[in-house]
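Have a look at the structure below, then the notes.
The values are calculated or read from the model by the stated rules, or taken from the named source; none is laboratory data. From a predicted model like this one, the values you see are computed outputs, not experimental measurements. Reconstructed Cβ throughout: ideal geometry from the backbone, glycine too, with neighbour counts over all protein chains shown. Areas reflect the complete protein model, heavy atoms only, side chains present, ligands, DNA and RNA absent. Shrake-Rupley method; radii C 1.70, N 1.55, O 1.52, S 1.80 Å.
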Amino acid sequence: EREIAEDQTDLAQRKQKRDERVAKGVTSVESDYVREKLRETGLGREVEEAFHALKTRDRDIADKSGPRIHKRNAIRHVAGDTSETRVYERTLRAETGDRTVMVSCDLSGSMDERALKVAVGALHIATRAIDDQLIVSGWTESNGDAVNRLVTGPDEEFDWSHLDGVYSDGGTPTAE
């Protein structure tokens, strides 16, 4: 519970820092530019069509009940590992709307900020069209440390203004 509370606090702090960056207007590429570029090029529509074509694969998972025996877990249980109670197997299908797309962006100074924002905007259009969730985070290096910049967090709706808090600078934290 303590770890969950710390994570929630960390996420809340990242959102607050993002909102401060948006309010300061730290970027040279505004979200309005991004939206216009997506309309002009049709990229948003193209990515949306590609996402509609995505098919999810059925995946077998261990469970406490199901139509089939999960061989490895059943052997462990019979061999004496009574902590393993998921001895059956069932098929899990992730339907459209049940998925999350997470994007991690290189925000170092060598990156093209406009292209990055247009790509994220296109992904937003595509994930929204198929009711999936989009999480976007960026990273860069500052004073020898890796810095994470939240764009849109989990359980949060993407807002075009989130892009206004994204800018590229610093180096690439290769080691991190």
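With charges set only on the Cβ (+1 for Lys and Arg, -1 for Asp and Glu), what does the dipole of the chain come to about its Cα centre, in debye to the nearest 20? Write down the numbers at each step before the final one.
Working: 27 positive and 36 negative charges, 152 e Å.
About 740 debye.
Hey, can you find the accessible area per residue of segment 81-153 for me, probe 1.4 Å, expressed in square angstrom?
Heavy-atom SASA per residue in segment 81-153 reads 48 Å².
Would you be so kind as to identify which of Val101, Thr91, Ser161 lies farthest towards the positive end of the dipole of segment 47-176, taking Lys and Arg as +1 and Asp and Glu as -1 on Cβ and the Cα centre as origin?
Thr91
With just the Cα atoms defining each centre, how far is segment 53-95 from segment 1-39? Give it in Å.
Going from one Cα centre to the other spans 38 Å.
With all protein chains present, how much of the accessible area of the chain (probe radius 1.4 Å) comes from carbon and sulfur, to the nearest whole percent? Display every interim value, and only then the final one.
Details: 5270 of 11210 Å².
Roughly 47 percent of what the probe reaches on the chain is carbon or sulfur.
Based on DSSP H runs of at least 4 residues, each adding -39500 (n - 2.57), what is the mean residue ellipticity at 222 nm of the chain after dividing by all its residues, to the nearest 500 deg cm²/dmol?
-13000 deg cm²/dmol
Please report, for the Cα atoms of segment 9-138, the Rg to one decimal and the Dmax as a whole number; what are they, in angstrom?
21.6, 64
Among all the aspartates and glutamates, which ones have a C-alpha under 14 Å from Lys71's C-alpha, if same-chain residues fewer than 8 places away are not counted?
Cross-link targets: Asp60, Asp63, Asp81, Glu84, Glu89.
Keeping every protein chain present and rolling a 1.4 Å probe, give me the accessible area per residue for segment 1-80 in Å².
Each residue of segment 1-80 exposes 81 Å² on average to a 1.4 Å probe.
Hey, any idea what Rg/Rh is for segment 83-147, computing Rh the Kirkwood way over Cα pairs? Numbers along the way, then the final one.
Values: Rg = 17.9 Å, Rh = 14.8 Å.
A ratio of 1.21.
In debye, nearest 20, what is the charge dipole magnitude of segment 21-60 about its Cα centre with +1 on Lys and Arg Cβ and -1 on Asp and Glu Cβ, if you could check?
Its charge dipole is roughly 180 debye.
Can you check what the Kirkwood hydrodynamic radius comes to for segment 134-176, Cα pairs only, in Å to one decimal? Don't skip to the end; give the middle numbers.
Numbers: mean 1/r = 0.0888 Å⁻¹.
For segment 134-176, the Kirkwood estimate is 11.3 Å.
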